[in-house]
Structure formats: C-alpha cells, structure tokens
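The values are calculated or read from the model by the stated rules, or taken from the named source; none is laboratory data. Being a predicted model, the structure only gives us computed values, none of them experimental. Here Cβ is always computed from backbone atoms with ideal geometry, including for glycine, and neighbour counts include all displayed protein chains. What goes into the accessible areas is simple: the full protein's heavy atoms, side chains included, and nothing from ligands, DNA or RNA. Shrake-Rupley method; radii C 1.70, N 1.55, O 1.52, S 1.80 Å.
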Amino acid sequence: MSVLREPAVLVVEDEPQLRALLRAALPLHGYRLHETGRGLEAISLVERAPPDVVLLDLGLPDLDGLEVTKRLRLFASMPIIVLSARGRESAKVEVLDAGADDYLTKPFGMSELLARMRVALRRVLAAPTDEPMLEVGALRIDFGTREVWVNGALLRARLTPTEFELLTCLARHEGELLTHRRLLEAVWGPDRVEDTHSLRVFMAQLRRKLEPDPHRPVLLRTEPGVGYRLTAGPAPDRSLG
Ligand code: CA
C-alpha cells in the first residue's frame, strides 16, 4: 500500500443522512470515498478492490454488520470501524471479536471518527519491527532491560512478566480498542479467553504502577464492558531534558 496516495475508505451505511454527511466530510480530509448501503455489495466491492479502511453500519437491510465483518475477515485484513446506534455492550464485543478494529456509537462527532480512522490506518502503515525499544507518546518500553518510562521518568516499581506483556500488547496497539478476549488471548493464551477477572486484576496493578492517579487513569483507559485502550498522549519535551 502506498503512503503517497489518498487512502480509500468504503462507507457501508444505509442511512441517507449519515451517508451524505460522510460524503461531504471525508474527501475534505483527504479520503477517497466509496459507498454502499448493502452488506453483500460491500463484500463484493472489497473483493474487487480492497479499500484501506471500512466504515461499517451494524444494522443493514440485507446482511447484518456482524455477518459482514465475519465474511470480510475470511479474506481481507484492512481495518473495520463499526458505526452503530446500538448501545448494547454484547453487540460491541461480538463484532470486535469477529474482527472489527473499533466501534463508534451514533451519534458521533466527525473529529472523533477522523481520529479513529487515523489510528486504524497508522496500524496498517506501521512497519513490523523487532526494535529493542518501543516509544509511543509519553511511554517508552525497553525490551532488553524491561524498564518503562512515563513522561521521561523511569518507573520505580518493576513490572512482573505478565504486567510487562500486557502493557506491551496495549502499547503496540496505541489508541486502538482491544477487547478483553483479544488481550487475554495475546497475554494468557487461547485457554484463558474467558478469564476477565484476571485481566481486571492485572490492569489494576498496572495502573497502580503507571498512573499518577490510578482511580483516574489517563494512560490505560477502560471501555466499559468491552475492553481497554492505551492512550499515550504527546511525547515529553526533550528540549527541557
Ligand atoms: Ca442502518
């Protein structure tokens, strides 16, 4: 995928008003727009020319967005951001576990949507690395020494291997929503995907070690009932140090 051309976005949405809004706004922000109101057509459009990112409504007239996600994931890997009016947590979890990358509940602001799209595309464009160091915003992780810095300050509390794994997994997907199941599978393995209790306990420990105020986390965000998202913020100003 070339970084030089404008990213292509496929909008799969049957609401005319939202379609019109996206059609007006997205090209202004540098996206090439393709659109359809039907799930089956979305699948054949992706088969013919995979876009860089898909915006997918859950409630479509012919095929549910969850089913569209499952079928797309059989052959395509571009990020899928789900747009839905449904507030049910289980619907979010289901579609994220089926392979969607993020979830926005309607009504949402255009700046929020653009931010989520940037995060999703950055993941696609980022080259896989096996660097000794990972730096995202205010967070820096050294894989050799297993030391962690927040805002330029070395953490005094050492992380246990599991805490370190969990933090690394979240940091590698900075800004992305990771479901409980996805985190449990990545850190604890496929046999432990139901063990949300362990995950909660380890997240609490990580917050105690990393967050200035563990009860008001700014780095490790909770998406209630769904999962977690690491928001690393801006890098520290090095000119001062
Ligand atoms: Ca709809």
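When the Kirkwood radius is taken over all Cα pairs of region 133-230, what Stokes-Einstein diffusion coefficient follows at 10 °C and 1.306 mPa s, in µm²/s? Mind dumping the intermediate values first?
Working: Rh = 13.5 Å.
So the translational diffusion coefficient is about 118 µm²/s.
Mind putting together the pair-distance distribution for the chain? All Cα pairs, 10 Å bins, whole percent per bin, short to long.
7, 30, 33, 21, 9, 1
For region 133-230, calculate the relative contact order in percent as a whole number, restricting contacts to Cα pairs under 8 Å that are 6 or more residues apart.
Working: 120 pairs, mean separation 23.5, N = 98.
Dividing the mean separation by the residue count of region 133-230 yields 24 percent.
Which of the listed residues, THR160, ALA25, GLY99, is farthest toward the dipole's positive end in the chain, when Lys, Arg count +1 and Asp, Glu count -1 at the beta-carbon?
Sorting the options by dipole projection puts first THR160.
What accessible area per residue, rounded to a whole number of Å², is obtained for region 133-230 using a probe radius of 1.4 Å? Numbers along the way, then the final one.
Details: 4980 Å² over 98 residues.
In whole numbers, region 133-230 has 51 Å² accessible per residue.
Could you size up the charge dipole of the chain around its Cα centre, putting +1 on the beta carbon of Lys and Arg and -1 on that of Asp and Glu, and report it in debye to the nearest 20? Walk me through the numbers on the way to the answer.
Working: 33 positive and 35 negative charges, 106 e Å.
It comes to approximately 500 debye.
Pick out, in residue order, every one of the trypsin sites (Lys or Arg not before Pro) in region 139-224 that is DSSP loop and has at most 11 other C-beta atoms within 10 Å; say none if there are none.
On the way: sites: ARG140, ARG146, ARG156, ARG158, ARG172, ARG181, ARG182, ARG192, ARG200, ARG207, ARG208, LYS209, ARG221; in loops: ARG146, ARG156, ARG158.
Of the trypsin sites (Lys or Arg not before Pro), the ones in loops of region 139-224 whose Cβ has at most 11 other Cβ atoms within 10 Å are ARG156, ARG158.
Give me the dipole magnitude in Debye, nearest 20, for region 8-125 about the Cα centre, with unit charges on the beta carbon: positive for Lys and Arg, negative for Asp and Glu. Please report the intermediate quantities before stating the final value.
Numbers: 16 positive and 17 negative charges, 72 e Å.
The dipole magnitude comes to about 340 debye.
Just to confirm the filter: which chymotrypsin sites (Phe, Trp or Tyr not before Pro) across region 141-215 are DSSP coil and have at most 16 other Cβ within 10 angstrom of their Cβ? Could the numbers behind the result be given before it?
Numbers: sites: PHE143, TRP149, PHE164, TRP188, PHE202; in loops: PHE143, TRP188.
Listed in order of number, the matching sites are PHE143.
Using +1 at the Cβ of each Lys and Arg and -1 at the Cβ of each Asp and Glu in the chain, identify which of PRO7, GLY65, GLY225 lies farthest towards the dipole's positive end.
Toward the positive end, the furthest listed residue is GLY225.
Whole-Hz ³J(HN,Hα) for each residue in region 38-49, computed from phi via Karplus 6.51 cos²θ - 1.76 cosθ + 1.60 with θ = phi - 60°, x for glycine and proline: what do you get?
10, x, 5, 5, 4, 5, 6, 5, 5, 4, 6, 8
Compute the Rg to Rh ratio over region 1-124 from the alpha carbon atoms, using the Kirkwood formula for Rh, and round to two decimal places.
Working: Rg = 13.1 Å, Rh = 14.3 Å.
Result for region 1-124 is an Rg/Rh of 0.92.
For MET78, what accessible area in Å² do you get when you roll a 1.4 Å probe over the heavy atoms of the protein chains, rounding to the nearest 10?
Counting only protein heavy atoms, MET78 exposes about 20 Å² to solvent.
Would you mind calculating the relative contact order of region 8-125 from Cα pairs under 8 angstrom and at least 6 residues apart, reporting the percent as a whole number?
Values: 182 pairs, mean separation 27.1, N = 118.
Computed over region 8-125, the figure is 23 percent.
Which whole-number percentage describes the relative contact order of the chain, with Cα contacts under 8 Å and a sequence gap of 6 or more? Walk me through the intermediate numbers first.
Details: 367 pairs, mean separation 33.5, N = 241.
Answer for the chain is 14 percent.
Pick out which of PRO27, PRO61, PRO224 has the largest mean-square fluctuation in a Gaussian network model of the chain, springs linking Cα atoms closer than 10 Å.
Highest fluctuation among the options: PRO224.
What residue among ALA153, ALA42, ALA204 has the largest mean-square fluctuation in a Gaussian network model of the chain, using Cα springs under 10 Å?
Taking springs between Cα atoms under 10 Å, the residue moving most is ALA153.
Among the trypsin sites (Lys or Arg not before Pro) in region 34-80, which ones are in a DSSP loop with at most 13 other Cβ atoms within 10 Å of the Cβ? Mind listing them? All intermediate terms of the calculation are to be shown ahead of the outcome.
Numbers: sites: ARG38, ARG48, LYS70, ARG71, ARG73; in loops: ARG38, ARG73.
For trypsin sites (Lys or Arg not before Pro) across region 34-80 that sit outside H, G, I, E and B with at most 13 neighbouring Cβ atoms in 10 Å, the list reads ARG73.
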